[in-house]
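Input: a single structure, listed below in structure tokens.
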Amino acid sequence: MASNAELIVDGKSYSFPTLEGSEHEKAVDISNLRDQSGYVTLDRGYKNTGATQSAITFLDGEEGILRYRGYSIEELAEKASFLEVAYLLIYGELPTQIQYDAFATGIRRHTLVNEDMRKIFDGFPVNAHPMCVLGSLVNAMSAFYPDSYEGNQNTDLHITRLMAKLPTIATWSYKRSQGHPINYPKNELDYIANFLNMMFALPVEDYKVDPVVAQALNVLLILHADHEQNCSTSTVRLVGSSQANIYSSIAAGVNALWGPLHGGANQEVIEMLEEIKEGGGDVAKYIDMAKNAKTTGFRLFGFGHRVYKNFDPRARIIKKAADDVLSKLGVNDPVLEIAKGLEEAALNDPYFVQRKLYPNVDFYSGIIYRALGIPTNMFTVMFAIGRLPGWIAQWKEMREQKEPIGRPRQIYTGSTLRDFKAMGER
Ligand code: MLT
């Protein structure tokens, strides 16, 4: 690899150092580009721009590789628990039994949410979107833990509080939307069983956690745990780079994830499948509509990916988990049959194959969440619960690396200097 990159512009030559990561990714360090040449780069959506150097997650879009701290997601999904993976992402190593027990016990002890937060919670309309509630209450946590404001005090305690309280807050908004009483956490349950119990337990009947459901959720949360510098993670890092506290930084990530082009895509997938079902379930008709989107306005969600060029490795694992869960739970849902028809088309129709429009993680995750009985408007909340350790790990790394405040430049295209005109002269 060349040690320098040369830029020739306006008849002058400028040299910039290059660097190579541990997985041989290459970069040109243009930190001094503007000082040297007066030029900035323009890269809408940052498709070619590295914002940082990170040791947390590696993905290879061409080869369909995704690893957390060097461990493949295939192996982690098969052998680890979500809390083990959360510890790995946040602290850099798989925990020993002692480390794991301390981490899991700390989380168990902080699952309760300050009762005063219920006053904020009760102020939302009953049909408030759970992502709105989640982002608002996560940000509100900074009001209850002001020792998070000054620098990195008690960071581990704030990390524990976030990991512990997100599921509690998430289930509150669901129960309220159902008109059901909220459930309090039960410290004798593990992380995922506690979440399921808070989501689905009712005062009028006992709720038993189905191990098939719990294991499927464990895999889903692991697969969503981090994804290097995606939109919401970049948001967390950018907000955190201003020295904003961890709760406000994570809340910003929740809000970025809500977008239908990001974490909201899994909800869009199911709504798309419902639309096809309501329209008669003719998959071929909707495939044609997708091919003529400019005239039909019908957009396919859950296909293709900005980074993965051939397949999303998470989708392969989730597809198998979806098949397992549906058969074990004996789920027979016409929407899921429509999904299989779309998947078949996407994997075989030249239109999809040539455009690399294969089913992605959002296509299959919505199908599993639906089969687990999780309501559509909670799908992105599930994504947030899974992505939380990744956001935390990236925020922590950004702070430990003492990254400068993020402040991109621009190319101005507005009016040049002009004189003010009095109201009567306009
Ligand atoms: C994610 O996992 O964050 C999504 O696949 C989006 C992305 O990585 O850009």
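The values are calculated or read from the model by the stated rules, or taken from the named source; none is laboratory data. Note that the coordinates shown come from a computational prediction; the quantities given were computed from them, not determined experimentally. Note: ideal-geometry Cβ built from the backbone for every residue, glycine included; neighbour counts use all protein chains shown. These area figures cover heavy atoms from the full protein model, side chains too; ligands, DNA and RNA do not enter into them. Shrake-Rupley method; radii C 1.70, N 1.55, O 1.52, S 1.80 Å.
Points worth noting:
- Any hit, region 139-158, residues being in contact with a His (Cβ under 6 Å, 6 or more places away or on another chain) and either buried (at least 19 other Cβ atoms within 10 Å of the Cβ) or not aliphatic (A, V, I, L, M) (or both): yes
- Figure legend. Inter-residue proximity from region 296-314: first residues in the same structural domain as Gln354 (by TED's automatic domain parsing), second residues of a type in the set (Val, Ile, Thr) and outside any loop (DSSP other than H, G, I, E, B), beta-carbon distance below 7 Å, spacing 6+ or different chains. Indicated pairs: Phe301/Val269; Gly302/Val269; Asp312/Val361; Pro313/Ile65; Pro313/Ile73; Arg314/Ile73; Arg314/Val361.
- Only a single criterion out of (1) within 16 Å of the ligand (Cβ to nearest atom); (2) surrounded by fewer than 19 Cβ atoms within 10 Å (Cβ to Cβ); (3) not hydroxyl-bearing (Ser, Thr, Tyr) is not satisfied by Pro359, namely (2).
- From the list Tyr46, Tyr39, Tyr14, the one residue that fits, being within 16 Å of the ligand (Cβ to nearest atom) and either touching a residue at least 40 places away in the same chain (Cβ under 8 Å) or of a type outside the set (Asp, Glu) (or both), is Tyr46.
- Taken across region 101-119, residues that are farther than 30 Å from Gln215 by Cα, open to solvent by 10 Å² or more (accessible area, probe 1.4 Å) and touching a Phe, Trp or Tyr at 6+ places or on another chain (Cβ under 9 Å) do occur, with at least one present.
- Residue match in region 375-398 (condition: within 15 Å of the ligand (Cβ to nearest atom), of a type in the set (S, T, N, Q), farther than 17 Å from Val269 by Cβ and assigned to a helix (DSSP H, G or I)): yes
- Qualifying residue in region 400-420 (condition: among the aromatic types (Phe, Trp, Tyr), at pLDDT 95 or above and over 18 Å from the mean Cα position of the chain (by Cα)): yes
- Within region 209-251, considering residues that are open to solvent by 30 Å² or more (accessible area, probe 1.4 Å) and either within 16 Å of the ligand (Cβ to nearest atom) or basic (Lys, Arg) (or both), the one nearest to Pro408 (Cα to Cα): Leu238
- Counting residues in region 261-273 that are touching a His at 6+ places or on another chain (Cβ under 9 Å), within 16 Å of the ligand (Cβ to nearest atom) and either open to solvent by 30 Å² or more (accessible area, probe 1.4 Å) or under 27 Å from Gly61 (Cα atoms) (or both) gives one or more.
- Residue check for Val213: β-branched (Val, Ile, Thr), within 25 Å of Ala371 (Cβ to Cβ) and not in a helix (DSSP H, G or I): no
- Within region 410-425, the set of residues being in a loop (DSSP other than H, G, I, E, B) and either surrounded by 10 or more Cβ atoms within 10 Å (Cβ to Cβ) or small (Gly, Ala, Ser) (or both) comprises Gly414, Ser415, Ala422.
- Apart from one condition, Asn255 fits all of (1) within 16 Å of the ligand (Cβ to nearest atom); (2) out of contact with any helix residue (DSSP H, G or I) (no Cβ under 7 Å at 6 or more places or on another chain); (3) open to solvent by 60 Å² or more (accessible area, probe 1.4 Å); (4) modelled with pLDDT of 95 or more; the exception is (2).
- Near pairs, Cβ below 6 angstrom, 6+ apart or cross-chain, from region 350-379 (closer than 27 Å to Ser173 by Cα) to any residue that is open to solvent by less than 20 Å² (accessible area, probe 1.4 Å) and assigned to a loop (DSSP other than H, G, I, E, B): Val361/Asp312; Asp362/Gly302; Phe363/Gly302
- Those helices (runs of 4 or more DSSP H) of region 1-101 in which at least 2 residues are among the polar types (S, T, N, Q), considering only elements entirely within it, cover 33-37.
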